[in-house]
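Visitor: Can you keep this structure in mind? I'll have questions shortly.
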């Protein structure tokens, strides 16, 4: 079979598969494995942009941002001896995979803490802004913040946010839309809060940082509900996102009530480098060495037990580099962040797909260092995040068919995701209707004393978190006609979520064409690294 190089269209990141034997192979992720599958002639393959050049001196860029902020006094001018300062910092939900050390958050924290000490500010706490995510393990915090900050602040002045602490939370008020705004008490009582954000996708950072990262359950309910998800078109296009508008309303109240200085960093998309750098290439550009690397890696992975494969990927950090740092007032700072992030990640695309193919990797924001990507989180990646990786118009047209590759195994981490087990095995087997789940089951899980205790004292996601994860796919469920899984190791788990299964991409495409017709436009999103399709 002789491959013909695909034609380049006006967009250099968009390729059309052309081959003399009706197919051309492309690499796709399938959990902890890589697979090579043939795609039909005419399939459009969308590739991420190449990594942008990093800033030459990250520390200098951070210092410049602190001294030349957006619509704000420089940070040093806001500091006075004896004041009470809290530093809130994003957790390890991002970036994916974890980045090499030093983590960009470590670089920011070391500079900020040094500045605070130089200005006689001694009452300083560093709070991991978890929202209702799981508490980070001690070793995860140490790796993220670095040895210097760890030695100085852990454990009394460096700790996880606790959104269920009855004495540790306060109510700031309600928005004009009657959305409750709760806040970490230490932050609410501080003279200044400095928020350190690692911005990886457009839906994060900005007003979401304070409003979500430091809130409680009742505050999060204001926007983490099915209606908000369905009316968000898309998560990654803030002006069209119900979520972003709600974050903005809550954030406005926070900013009016508290004094906050925002620091946001932007990374490039150098997900792979060194021996794995070939994974960022178009397969048509593979050298013979690249093909041998792929074959050797696949041979080894196929023979390793699941736990070993997962450990290899979880312990292989990404080579992300900082391409920008901005600081100051929330909105102008975030506007610059989003503009830079879009410069790296947005890919222009003409027209929507009838059939969309995507490989689901082993990781999501909610299973970092967990034992598995459980089925509910596979659903989040497919119908939540990847479905929403677009601006302006959906990449998959309404009524289209989504094809994904993943084993969708019946695996859950009982330490990190205890309430997920109950949600998937009890609630989803009773109903898959998000609106029913919201009214009938959500509060039950949220206020279950066992789940509250595991969130507060252990390392478990909040009891209601699986409900939110199911809602996260609601727009995708309503807008797609079928979801077909290739490579599932069972049929029961996909069926619970309303999905079909196929043994190969060819079989899945044939099934999808039964719905969309033989002339259906097929698109594959070739990630990771992730991309955002600007669809015209």
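Visitor: Are any residues in region 390-426 in contact with a helix residue (DSSP H, G or I) (Cβ under 6 Å, 6 or more places away or on another chain), in a helix (DSSP H, G or I) and either farther than 16 Å from residue 473 by Cα or modelled with pLDDT under 95 (or both), and if so, which ones?
Guide: Those that are in contact with a helix residue (DSSP H, G or I) (Cβ under 6 Å, 6 or more places away or on another chain), in a helix (DSSP H, G or I) and either farther than 16 Å from residue 473 by Cα or modelled with pLDDT under 95 (or both): 418, 419.
Visitor: Can you find even one residue in region 20-40 that is over 29 Å from the mean Cα position of the chain (by Cα), at pLDDT 90 or above and surrounded by 14 or more Cβ atoms within 10 Å (Cβ to Cβ)? Give the derivation first.
Guide: Looking only at region 20-40, we keep the residues that are over 29 Å from the mean Cα position of the chain (by Cα), and these are 20-24, 40.
Subset that is at pLDDT 90 or above: 40.
This time we only want the ones that are surrounded by 14 or more Cβ atoms within 10 Å (Cβ to Cβ), so: 40.
The answer is yes, given that some residue of region 20-40 is over 29 Å from the mean Cα position of the chain (by Cα), at pLDDT 90 or above and surrounded by 14 or more Cβ atoms within 10 Å (Cβ to Cβ).
Visitor: Same structure, new question: Go over the candidates 89, 171 one by one and state the one that is closer than 30 Å to residue 221 by Cβ and either surrounded by fewer than 16 Cβ atoms within 10 Å (Cβ to Cβ) or assigned by TED's automatic domain parsing to the domain that holds residue 461 (or both). Show your work before the answer.
Guide: Values: 89 fails: either surrounded by fewer than 16 Cβ atoms within 10 Å (Cβ to Cβ) or assigned by TED's automatic domain parsing to the domain that holds residue 461 (or both).
Within the list 89, 171, the selection yields 171.
Visitor: Between 449, 494, which is at pLDDT 95 or above and under 23 Å from residue 163 (Cβ atoms)?
Guide: 449
Residue-by-condition table, conditions (1) within 23 Å of residue 101 (Cβ to Cβ); (2) crowded, with 21+ Cβ neighbours inside 10 Å; (3) within 18 Å of the chain's Cα centre (by Cα):
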{"position": "327", "(1), (2), (3)": "yes, yes, no"}
{"position": "335", "(1), (2), (3)": "no, no, no"}
{"position": "341", "(1), (2), (3)": "yes, yes, yes"}
{"position": "348", "(1), (2), (3)": "no, no, no"}
{"position": "359", "(1), (2), (3)": "no, yes, yes"}
{"position": "369", "(1), (2), (3)": "yes, no, yes"}
{"position": "372", "(1), (2), (3)": "no, yes, yes"}
{"position": "375", "(1), (2), (3)": "no, yes, yes"}
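Visitor: Could you tell me which numbered condition residue 300 fails, if it satisfies all but one of (1) within 25 Å of residue 133 (Cα to Cα); (2) free of Cβ contacts under 8 Å to residues at least 12 places away in the same chain?
Guide: Residue 300 satisfies all of (1) within 25 Å of residue 133 (Cα to Cα); (2) free of Cβ contacts under 8 Å to residues at least 12 places away in the same chain except (1).
Visitor: Which residue pairs have Cβ atoms under 6 Å apart, sit 6 or more places apart or on different chains, and have a first residue in region 357-376 that is not assigned by TED's automatic domain parsing to the domain that holds residue 529 and a second that is at pLDDT 95 or above and part of a loop (DSSP other than H, G, I, E, B)?
Guide: That search, which allows pairs on different chains as well, returns nothing.
Visitor: A further question follows. Within region 45-67, work out how many residues are in a loop (DSSP other than H, G, I, E, B) and closer than 20 Å to residue 113 by Cβ.
Guide: Adding up the residues that qualify gives 1.
Visitor: Step by step: first the residues of region 244-281, then only those that are without any contact (Cβ under 8 Å) to a residue 12 or more places away in the chain and assigned to a helix (DSSP H, G or I), then the one that is nearest to residue 315 (Cα to Cα). Which residue is that?
Guide: Keep residues of region 244-281 that are without any contact (Cβ under 8 Å) to a residue 12 or more places away in the chain, which gives 245, 256, 277, 281.
From the residues that got through so far, the ones that are assigned to a helix (DSSP H, G or I) too are 245, 256, 277.
Values: 245: 37, 256: 42, 277: 16 Å.
So the residue we want is 277.
Visitor: Here's something else I'd like to know. Of all residues in region 320-349, count the ones that are part of a loop (DSSP other than H, G, I, E, B) and over 30 Å from residue 487 (Cβ atoms).
Guide: 2
The values are calculated or read from the model by the stated rules, or taken from the named source; none is laboratory data. Only a predicted model underlies this, so the values are computations on that prediction, with no experimental measurement involved. In this analysis, Cβ positions are derived from the backbone assuming ideal geometry, glycine residues included, and neighbour counts consider all displayed protein chains.
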